[in-house]
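The values are calculated or read from the model by the stated rules, or taken from the named source; none is laboratory data. Remember, predicted model here, so these are calculated numbers, not experimental data. Heads up, the Cβs are rebuilt from the backbone with ideal geometry, glycines too, and the neighbour counts pull from every protein chain shown. Note: accessible area is taken over every heavy atom of the protein model, side chains too, but ligands, DNA and RNA are not part of it. Shrake-Rupley method; radii C 1.70, N 1.55, O 1.52, S 1.80 Å.
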Amino acid sequence: MQQVKKENRTSKFPIILIAILLVAVLLRFHDLDRTSLWYDEAVSWAQSNGSLVDLFSAVAKDNYPPLHNIVLWLTMPVIGDSETALRIPSAALGVLAVWLTYLIGWMIGGKPTGLLAAALLAVSPFHIWYSTEARMYALLAATGLAFLLSLLKVLERPSASWLTTLALSGTLFLYSHIYAVLAFLAVGFACAFFVLIDAVRERNFSRSNALRACIAMAVGATAFFPWLVILTNRARSVAETGFWIAYPDATFLKSLAFSVSGSLALFLVLVGLAVFSLFRPLLQVDESETEIRKYQRSLIVIFAFSAGPLILAYLYSVLVQPILFDRYLIAAWPGLLLLASEGANRILPR
């Protein structure tokens, strides 16, 4: 009888996932022309509305990489440049992010974790809003999740296809937004730490999956290096003229948490569940040491991916100049939802 119930429950998962994705589609594609283009969207249109050479020249004078502009440059001749047309790529990438969140959740904690995390992201007002703007934020989230998924696959069982996917997704992630560099650095530090642990434990780090992941990430970082030089030079001029983002005091941080989650109470609950998921492996006694280690590393990588940009941006804001802003954390938000969903699944599996 229990086996029949389990099979019936499992058979419902594809239906639930389809329902979640349909909700994500409806919430992101509905009324895309609700407002005229605001200033930043108009800038994206102007920068992408010429030759490819003009595009690179215009974006090089701004504060972000050119991938989203390239997407608009490719799609505008096909679907036009109305408000709706310019926002369709972001809406599609927003739905893709929901699906990728499900895949990552399924990988770390099974289908219930994946479904819960995907459902939370599907109805997140924060993610919905920035998935309906003709800007790079939905691209940042989608490429970040693709990078995170491929990294976790390599750490679990590296293959030529997943190593290639990791190098490619890492490159796309870095070319989506400057905040991708912060997540990339945080995850890179975590992987380097894993390599050191493997070297001590195995005394032969060449067999380390983490080392293979680091090499694939290095390929992506090398591909991004030319634009990093451009951004570095641009950052110097920005530092001389000042920037519009406020100093991250307590009031600012409180406002940021509310902006992302919609509720301070919800944000604290999510953080609490995420912390529980990180410490939960220490209590496991019914699985092999190898499986627990893989599980721990997956959670640590997701934590680095989600918390790294926030921590590094805050430190830079305090020590140099303010750069911490809510919409720049759109790639980190699914990471928190994944950890919180895994924590909730461990507490109440049903």
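Using the Cβ-Cβ distance between V123 and S82 with R0 set to 30 Å, the FRET efficiency works out to roughly 0.65.
Protein heavy-atom surface of the chain, 1.4 angstrom probe: 68% of the accessible area is carbon and sulfur, with nucleic acids and ligands not counted.
Residues of the chain were split at every exposed loop site, defined as chymotrypsin sites (Phe, Trp or Tyr not before Pro) in a DSSP loop with at most 16 other C-beta atoms within 10 angstrom, and the longest piece left, sites excluded, is 39-242. Going by a ≥ b ≥ c, the root eigenvalues of the Cα gyration tensor, does the stretch 66-182 fall in the rounded group (a/c under 1.5), the prolate group (a/b larger than b/c) or the oblate group? Judged from the Cα gyration tensor, the stretch 66-182 comes out oblate (a/c at least 1.5, b/c at or above a/b). Two tests apply to each whole DSSP H helix in the chain, Cα reach of 30 Å or more along its axis and mean Kyte-Doolittle hydropathy of at least -1.0, and the ones passing both are 83-109, 179-202, 209-241, 289-319. Summarising the label geometry, the points placed 7 Å from Cα in the beta-carbon direction at D31 and R234 lie 3.3 nm from one another.
Note the listed values (1) 19, 47, 32, 2; (2) 29, 59, 12, 0; (3) 27, 54, 18, 1, then indicate which one is P(r) over Cα pairs in 20 Å bins from 0, in percent calculated from this particular structure. Label of the calculated value: (2).
Using the Cβ-Cβ distance between K61 and V269 with R0 = 41 Å, the FRET efficiency computed as 1/(1 + (r/R0)^6) comes to roughly 0.45.
In this Cβ point-charge picture (+1 for Lys and Arg, -1 for Asp and Glu), the chain has a dipole of about 1040 debye about its Cα centre. Think of the chain as a dipole: +1 on every Lys or Arg Cβ, -1 on every Asp or Glu Cβ, centred on the Cα centre; then among W38, S206, T171, S206 lies furthest on the positive end. Mark the label point 7 Å from the Cα of A223 along Cα→Cβ and return the residues of the stretch 61-93 whose backbone N is within less than 13 Å of it. Within reach of a label on A223: 67. Site pair D40 and R293 shows an inter-label distance of 4.3 nm when each label is modelled 7 Å from Cα along Cα→Cβ.
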